[in-house]
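Shown next, in structure tokens, is the structure this report addresses.
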Amino acid sequence: MRSIGGARFASFHATRMRLRPDPTITREALEDGKRALVKDAAWASMVGALYGGVILVGFALELGATPWHIGLLAAIPFLAQLAQLPAIALIERLRERRKIAVTAVSVSRFMIAALALVALIPDRQAALYALLGTQVLITLFGSIGGCSLNSWLHQLLAREGLGALFSRRLFWSTVLASAGALTTGYLVQHWPGAERLHAYALAFLAAGLVGFLSTYYLASVPEPVMARTGPPTPLAAMLGAPFRDASFRRVIMFMASWNFASNLAGPFVTVYLLQQLAYGMGTVTTLWIASQIANALTMYLWGRISDRLSNKAILAVALPAYFGSLIALPFTVIPHPHALTLPLLYLIHVVMGTAAGGIALATGNLGLKLAPQGQGTSYLAAVGLAGATAGGLAAIAGGALADWFATRELSVFVHFTSASAAHELVVMSFRHWEFLFALSFLCGGYVLHALSRISEGEEHSERVVVQEFVAEASRSLAQLSPIDGLKDVLLIPLGRLRDRRLRPR
């Protein structure tokens with residue numbers, strides 16, 4: 001018994017020591033860490049596919065979620081980003097970022113696995129509120145872990161060679177996420193048992209287990225010792241500076257308006273496909289995969305274009321394409337669902353995925369480019385704070401509006417009467433969720449206005465951007481391989497703020 005207890009203590013002590021910062025990091029250890037980061041990202045993407053997105057929304061609907069509940073569920077991850085602010089103080093106090101990240105992410109993934117128990121609660125209303133509460137914990141701990149991870153990797157990884165690293169991360173993340181989402185979607189749609197909630201329980205349990213595998217690889221990435229610094233700059237002062245900068249305030253307004261407009265409708269596309277158009281979970285999952293693959297395959301093209309043209313020019317093309325895709329969704333079922341509806345939906349999702357890739361790349365680059373030299377992190381943190389707040393409020397507002405629009409319909413007809421017959425042609429029709437797509441499209445007009453007020457330097461026409469995109473696509477047609485860099489979120493993590501709060505001695 002003593003030997004067993006001693007072995008357990010030794011194992012615990014070794015694990016604890018491994019999570020402490022490494023005094024020295026050899027080149028070999030760094031290369032091993034980069035390979036571990038690729039594996040961590042790949043398995044983490046599968047966690048998202050098994051538990052989040054389409055699957056999470058489907059689970060909430062199965063529990064009887066109203067539009068307001070769906071909006072709240074979509075808002076939670078945005079509002080949880082604010083937890084990164086107190087996480088900065090935690091990092092500065094403990095100075096062990098790997099330990100904080102691994103611990104927080106482990107708790108988050110344990111809570112994901114615990115959703116399997118939520119799916120087994122007999123009272124569906126109680127299960128729905130348990131889902132919302134669990135999602136708060138998942139995203140809060142995930143936000144804290146992400147804050148620590150961003151600071152850790154920002155110090156660990158040199159700028160050289162990041163393209164190859166992100167290329168590998170993107171390839172394996174896309175492969176595993178697509179496989180996980182496709183498998184889970186069809187499992188839910190074709191579950192052999194009478195209770196479909198059991199399929200969700202199995203998916204959540206699998207997501208938790210896969211998450212622990214991802215965490216294992218994350219724990220093996222080396223962490224450099226944090227540099228000794230002088231007294232920290234007050235957080236309020238650092239966040240206030242970007243808002244007092246009249247020029248950069250336009251960037252903040254643009255990012256806030258973009259996040260508001262996109263999240264007013266974006267979180268509800270899945271609900272629209274599942275409920276209003278009555279597609280199965282498997283079909284909706286394949287639509288999501290089509291969007292993700294289009295996003296990945298075109299990210300490299302957008303990157304090449306941004307090197308030659310301005311980010312503002314890319315946004316001038318990608319933003320109308322994105323909002324145009326949203327408003328096109330209701331027109332695929334006029335006058336009612338038909339044989340071309342599903343092919344059109346695939347086309348729309350491909351366009352949306354392509355546009356989202358350009359928007360993600362250009363918005364990230366725009367903030368980096370226009371932030372004053374030496375103050376980039378605090379300025380980008382202000383952008384992230386404004387974007388997270390706007391995105392969360394938009395999702396809640398969208399859910400509340402969807403409740404009101406549930407019993408409304410707006411249709412426009414062309415009526416033609418002749419001596420022998422009368423004909424009616426439906427030109428436009430909006431019902432329930434489709435009103436949100438229209439509102440998002442209208443808000444997109446203000447987003448473009450906010451973009452026009454930003455000065456980035458040399459201006460380029462939308463026509464030039466389209467020509468460059470087609471040219472790059474033609475050159476890359478035979479090379480459908482992993483591409484450089486993927487931004488999974490549009491918000492700059494607030495966690496990087498701690499890197500600029502501390503001034504060297």
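Taking amide H positions as modeled 1.01 Å from N, with prolines and chain starts lacking one, the residues under 5 Å from residue 413 and 5 or more places away or on another chain are 427. Amide H neighbours of residue 22 under 5 Å, counting only residues 5+ apart in sequence or on other chains, H built in-plane at 1.01 Å? Long-range HN contacts for residue 22: 223, 225.
With the simple model of a label 7 Å out from the Cα in the direction of the Cβ, residue 28 to residue 413 spans 7.9 nm. Under a model in which nothing but the beta-carbon of Lys, Arg (+1) and Asp, Glu (-1) is charged, the stretch 28-226 shows a dipole of about 200 debye around its Cα centre.
Give the Rg/Rh ratio for the stretch 336-420, taking Rg as the radius of gyration of the Cα atoms and Rh as the Kirkwood radius, to two decimals.
1.21
Every number here is computed from the coordinates shown, using simple stated rules; none is lab data. Note that the coordinates shown come from a computational prediction; the quantities given were computed from them, not determined experimentally. Ideal geometry is used to build each Cβ from the backbone, glycine not excepted, and the neighbour counts take in all protein chains shown.
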